[in-house]
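In what follows, a single structure is set out as structure tokens and then discussed.
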Amino acid sequence: MTTNYEANANCEARRNKLREILKQQGTGLMLGGLMGTDMRIAKGAYRGGCRIFEPNHPAMALQMGLFGVTTMNEAESIRHLVPLERMESAVEGLRATLGNDIFITCAARGTFTEEQPVPFTQEDAFRIAYAGADCLHTHKSSVEDVARITEYAHNAGLLCEAYISAYDTFGVQAPTDETLLQAIKDYESAGVDLLGLCTGMIYQGQSATGFSEECTHRFGLFLENTHVFKVLEGGIKPGNIAAVRKIGFDILVMSTALDNILQDTTEKTVNELMAM
């Protein structure tokens, strides 16, 4: 490959962009769901101060009504069928609508642990980069898979984001202190730029419960031993975000909780209109 200089320069520019966002905001908010796939809602989020957006293929499956799915949990089984072109369009729309100061991390079929084996290729990474993304958002269950995607990302001038979980498939499973520390080491050795910890409450939205003592212990262990951008995903909602911000993560991820609020507000408003 003869694009090493350009790719490295692009990666560093994207790291600097994210550093600047976090410098200004302290703790960044990464929004997916409707905020990452509908430009009208994304514009409202931008006006509210969000600068990190996560268009992802399960949310796109919901936008499309693919096979009639209506929840993110239902979308797990069919999200790999969302065409890459739909994710390119979402990235292009965010970039065109909101400008160059936002950071876009994109998930597409094959960057998650899917129900069917779906390849994610070097060409796919270039296409997402050319659409205007800054990063690839992954939820793979093995470090080896993420290492390959990280290589593709860096070749295309993109950063790569990965996650550690405890018992589900939203990251490499590391339920004990020892396996958590090893997973951090392995991911950082693989070159991951953003490393996240999953709480086990992804897609639960407003129904998510509080964080257990075990969970908060993992937060501390993760923060003390991670040296790249630190992300927390799962169970974050308006009712607890003020407290979560104090824990020390660089970025907090919210999607389903805000989708729930938007849907409930729409239902309430339409009910009121119908009653007039």
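Just so it is clear, none of the values below were taken in a lab; they were calculated from the coordinates. All values derive from a computational prediction rather than experimental measurement. FYI the Cβ positions are ideal-geometry reconstructions off the backbone, even for glycines, and counts take in every protein chain you see.
General observations
- Net charge of neighbours whose Cβ lies under 15 Å from the Cβ of THR113, counting Lys and Arg as +1 and Asp and Glu as -1: -4
- Unit Cα scatterers, Debye sum, the chain: log10 I(q)/I(0) for q = 0.07, 0.09, 0.14 Å⁻¹: -0.23, -0.38, -0.96
- Per-peptide average of other Cβ atoms within 10 Å, ordering 160-172, 252-264 highest first: 160-172, 252-264
- Kirkwood-based Rg to Rh ratio, region 22-91, C-alpha trace: 1.04
- Values of log10 I(q)/I(0), in the order q = 0.12, 0.22 Å⁻¹, for region 137-258 under a Debye, Cα-only, solvent-free model: -0.40, -1.29
- For LYS17, the lysines whose Cα falls under 28 Å of its own Cα, not counting residues fewer than eight places away in the same chain, are LYS43, LYS140, LYS185, LYS230, LYS237, LYS246.
- Extension reserve of the ILE261-ASN240 stretch, reckoned as 0.36 nm per residue once the Cα distance is removed: 6.1 nm
- Quotient of the Cα radius of gyration of region 105-207 and 2.2 N^0.38 Å, N being its number of residues: 1.04.
- Based on DSSP H segments of at least four residues, each scored -39500 (n - 2.57), the chain has a per-residue ellipticity at 222 nm of -15000 deg cm²/dmol.
- Normalised by the number of residues in region 1-99, the average gap of Cα pairs under 8 Å and 6 or more apart makes the relative contact order 24 percent.
- Two-site label geometry, SER212 and ASP177: point separation in nm, points 7 Å out along Cα→Cβ: 1.7 nm
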